[in-house]
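In what follows, a single structure is set out as structure tokens and then discussed.
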Amino acid sequence: MTDPQSILSDLWAQGFTVDLTEDRRLLVHPASSLHDRQREALRTHKREIVSYLEACQAASKRLQDELIHAAMRACDYWGDGPEQRKEMRHDCINTPDELKPQLLQHFQATYCEAERGNRAGNQSTSFNQRPIGQGAFR
């Protein structure tokens with residue numbers, strides 16, 4: 001148990017949460033349940049764990065930004081107004097992290113392809129042909 005990912009995986013598997021504060025401190029909950037070897041691993045590898053968590057946060061932020069951008073392209077396609085765009089942003093932000101890659105792939109496949117078809121003059125759906133009852137995620 002020497003690399004950050006395995007240290008964190010071990011802690012998560014045992015029900016601990018590990019958070020990174022803005023001032024780069026690790027918060028482990030419940031800290032009172034940590035065993036001595038776990039505390040030592042956290043102390044010894046703190047720098048690597050912090051760097052790993054920062055990289056994970058940055059990747060998560062990039063994914064969320066890409067997802068929102070792709071979702072706004074879907075809003076463009078459907079002619080959505082400010083309220084629908086706000087709802088779409090909210091839905092994207094609140095989508096569980098493990099589902100965001102699939103949703104991004106859906107938006108990219110559906111609306112990038114539609115844009116290419118529209119540019120080529122092959123528009124198959126006009127802006128006013130939105131299916132009835134369609135929610136924020138199309």
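What follows is calculated from the coordinates using simple rules that are stated; it is not laboratory data. Everything quoted here is computed from the prediction, not taken from an experiment. Note that each Cβ is placed from the backbone with ideal geometry, even for glycine, and that neighbours are counted across all protein chains shown.
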E98-Q14 FRET efficiency (beta carbon distance; Förster radius 25 Å; 0.05 resolution): 0.80
For region 60-119, diffusion coefficient by Stokes-Einstein and Kirkwood Rh (Cα), 37 °C, 0.692 mPa s, µm²/s: 283 µm²/s
Derived scalar couplings ³J(HN,Hα) [region 76-87; Karplus, 6.51 cos²θ - 1.76 cosθ + 1.60; whole Hz; x for Gly, Pro]: 4, 4, 8, x, 5, x, x, 5, 5, 5, 4, 5
Whichever aspartates and glutamates have a C-alpha closer than 14 Å to that of K61, once near sequence neighbours (fewer than 8 apart) are set aside: D97, E98
Separation in nanometres of the label points that stand 7 Å from Cα toward Cβ, at D65 and L26: 2.8 nm
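Where does each of C56, C75 land when they are ranked from fewest to most other beta-carbon atoms within 10 angstrom? Working shown, then result.
Working: C56 15, C75 21.
Placing the least packed residue first, the sequence is C56, C75.
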For region 88-101, 3J(HN,Hα) per residue [Karplus equation, 6.51 cos²θ - 1.76 cosθ + 1.60, θ = phi - 60°, Hz, x = Gly/Pro]: 5, 4, 4, 4, 5, 4, 8, 5, x, 3, 6, 9, 4, x
